[in-house]
Amino acid sequence: MGCAVKDSHFKIHLRQSSGTLVGCNMLCQRSALQRWALELLVLGFLSHLVVRYWRNYTAWSKSGIPYIPFPRDCVFYPMHKSLTLQKFYNELAPNPVGGFYKMSRPVLLVRDPELARRILIKDFSQFKIHDKEVNEKLDPMSAFIFNFEGERWKILRQKLNPIFSAAKLKGMWSQMMECQEELTRYLDRLIAEGREFEVRGVMKKFALDVIGTCAFGLNCGAIQDEESEFRKIMDGIIKESNVFFFRSLLHSMGLGWVLALLEVKRLGDKTVEDFFFNLVRECVKLRAESGNSRNDLMQHLINLQHEEQESLKQSNSNAKPLMTDAVVAANTFEFFIDGFETSAGTLAFIFYELALNPEVMDKCREEVKATLAKHGGNLSYDSLKDLTYIQCVIDEALRKYPALGRMERVSKDAYELSEISFTMKKNTIINIPVYALHHDPKYFPNPHRFDPDRFSEENKHNIVPGSYLPFGDGPRMCMGMRFAFMEMKAAIASLVMKYDIKPSEKTEVPLKFARTNIVTTAANGIWLNWTPRKIEN
């Protein structure tokens, strides 16, 4: 019995083992099949990429367009992107257009100012701003006007345009001058304490306080508070993060869809999103509770949102609202960026050039003195129109140091260039090299010389249309240009009268540009000597 039981148990065990082995074999076969299918899928995907890349890499050789074969500079960027494009621009001379490759993507470089104007003005509706997909659900901070296209862009542009009317700018003047006085007190303290300071860093404090108070009714405290939360947030955005580089790399390889799959955000930092959403909520709440309204950008956005809500409510419409919380927050963010970094950087470059060109600074002072005498000794909004030479100084600084040294567009459909018998395909990337155009001796003789007289009444007719594009051109031209001019004129007129500004031992001549910054920035900073001037009777 014992043996029989043992034998029976042994047979059952064998059957179970045999079943297990069969199951294991089936699992192994299924696993091998899945692995084989996966390998086949990967192989097919790689083959697709190879074919696609080969087709892209032969795009220019088949087109007859002069081009630069695979440029390493578009992978490693050993210099600022504006300088890289200038290098391509010079190599492709004298052709009106040329091609290069940004990783696997063919890019058309526009060298002809007239063609640039066609793309930006006459035929602007045939081009998108970029080829990146805007996913507002994934990235609410992408819902700003720059990213919009078609009817949505047109409606929002019409709604936002009145923000920078002459009447609204005039209403911001007193707040701007308060920031200017705060800046002067801050500079006096730095000088009295014998502290060296980097000019762009100080101008960023000023620009942030200006945009905060004038546009949003906020005291950012950037000038006085070294630990200002606003300043930290804004500084972090401007630098090209690893996430930004990763996004750009995938887009240049034609793999932008991977970003949506991986849910990679544009900014890569939820802190920024939370900061601006909370900022808008707090502003709306405080103004509603106090019953106070201001003549600023934030109030305009709030009014637009309320008007739209009322209109949809009264019409019982199921239409999707345009002025969502995300749109309000994202445009708040965008105006902060535009009003903060570009004005600060341009002011720093202007004071650098004034220090190196004292005769230009003297002419600025003479103009300010004459303007003050004409307007009762006060610098007012209405007096700015008389600062014509200072306007030329600003224009020349924007020529020599454009904040954004390039512009991109993407063709929505096939687009014919009849002048050269070439038709660009749908989704072709077009690059307009602003910095290169601004430094072409053909359009600006002796381009490295700082010469404000290029933009004088007597000479500005010599500027070839389409060769000077610091704010873009056409319907998508920067809306905040007049605000920026007002801010810069106020700063220059006040500071040249208050201080002598000269080069220091740390002043770099010529300047080197920071390689990785999105905007044009001095790599090693701008360092100058500032000393108070004796008050003239």
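The values are calculated or read from the model by the stated rules, or taken from the named source; none is laboratory data. Just so you know, these numbers come straight off a predicted model, no measurement behind them. Note: ideal-geometry Cβ built from the backbone for every residue, glycine included; neighbour counts use all protein chains shown.
Numerical summary
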| item | result |
| --- | --- |
| Helices (runs of 4 or more DSSP H) within the range 107-226 that include 3 or more residues within 28 Å of Y401 (Cα to Cα) | 113-117, 166-192, 199-216 |
| Residue match in the range 306-313 (condition: of a type outside the set (A, V, I, L, M), over 23 Å from S165 (Cβ atoms) and under 29 Å from the mean Cα position of the chain (by Cα)) | no |
| Residue match in the range 376-384 (condition: surrounded by fewer than 17 Cβ atoms within 10 Å (Cβ to Cβ), of a type outside the set (D, E) and at pLDDT 95 or above) | yes |
| All positions within the range 461-503 that are among the small types (G, A, S) and in contact with a Lys or Arg (Cβ under 6 Å, 6 or more places away or on another chain) | G466 |
| Qualifying residue in the range 85-92 (condition: under 19 Å from I65 (Cβ atoms) and under 18 Å from the mean Cα position of the chain (by Cα)) | yes |
| Residue check, E182 more than 21 Å from the chain's Cα centre (by Cα), closer than 16 Å to A344 by Cα and of a type outside the set (G, A, S) | yes |
| Any chance Y443 is modelled with pLDDT of 95 or more and not in a helix (DSSP H, G or I) | yes |
| Checklist (1) in contact with a Pro (Cβ under 7 Å, 6 or more places away or on another chain); (2) at pLDDT below 65; (3) not basic (K, R) applied to S241, failing item | (1) |
| Whichever residue in the range 93-106 is of a type in the set (G, A, S) and either in a loop (DSSP other than H, G, I, E, B) or under 20 Å from the mean Cα position of the chain (by Cα) (or both) and, among such residues, is surrounded by the fewest Cβ atoms within 10 Å (Cβ to Cβ) | A93 |
| Qualifying residue in the range 463-481 (condition: more than 25 Å from the chain's Cα centre (by Cα) and either of a type in the set (D, E, K, R) or within 14 Å of D395 (Cβ to Cβ) (or both)) | yes |
| Matching residues, the range 333-355, being surrounded by fewer than 22 Cβ atoms within 10 Å (Cβ to Cβ) and either under 17 Å from I518 (Cα atoms) or within 18 Å of the chain's Cα centre (by Cα) (or both) | E334, I337, D338 |
| Subset of the range 409-437 [in contact with a strand residue (DSSP E or B) (Cβ under 8 Å, 6 or more places away or on another chain) and crowded, with 17+ Cβ neighbours inside 10 Å] | R409, S411, Y415, L417, M424, T428, I429, I430, N431, I432, P433, V434 |
| Filter pass, I501 being part of a strand (DSSP E or B), touching a helix residue (DSSP H, G or I) at 6+ places or on another chain (Cβ under 8 Å) and either in contact (Cβ under 8 Å) with a residue 24 or more places away in the chain or surrounded by fewer than 21 Cβ atoms within 10 Å (Cβ to Cβ) (or both) | yes |
| Subset tally (residues that are among the aromatic types (F, W, Y) and modelled with pLDDT of 95 or more) for the range 198-224 | 1 |
| Condition met for L384 (of a type outside the set (G, A, S), out of contact with any strand residue (DSSP E or B) (no Cβ under 6 Å at 6 or more places or on another chain) and more than 30 Å from F148 (Cα to Cα)) | yes |
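Yes/no matrix, rows are residues, columns are (1) at positive phi; (2) polar (S, T, N, Q):
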position: E151; (1), (2): no, no
position: S165; (1), (2): no, yes
position: R189; (1), (2): no, no
position: E193; (1), (2): no, no
position: E198; (1), (2): no, no
position: F206; (1), (2): no, no
position: G221; (1), (2): yes, no
position: E227; (1), (2): no, no
position: F230; (1), (2): no, no
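Yes/no matrix, rows are residues, columns are (1) in contact with a helix residue (DSSP H, G or I) (Cβ under 6 Å, 6 or more places away or on another chain); (2) more than 22 Å from H300 (Cα to Cα):
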{"position": "Y101", "(1), (2)": "no, yes"}
{"position": "L115", "(1), (2)": "no, yes"}
{"position": "I121", "(1), (2)": "yes, yes"}
{"position": "S142", "(1), (2)": "no, no"}
{"position": "I145", "(1), (2)": "yes, no"}
{"position": "R152", "(1), (2)": "no, no"}
{"position": "F164", "(1), (2)": "yes, no"}
{"position": "K170", "(1), (2)": "no, no"}
{"position": "Q175", "(1), (2)": "yes, no"}
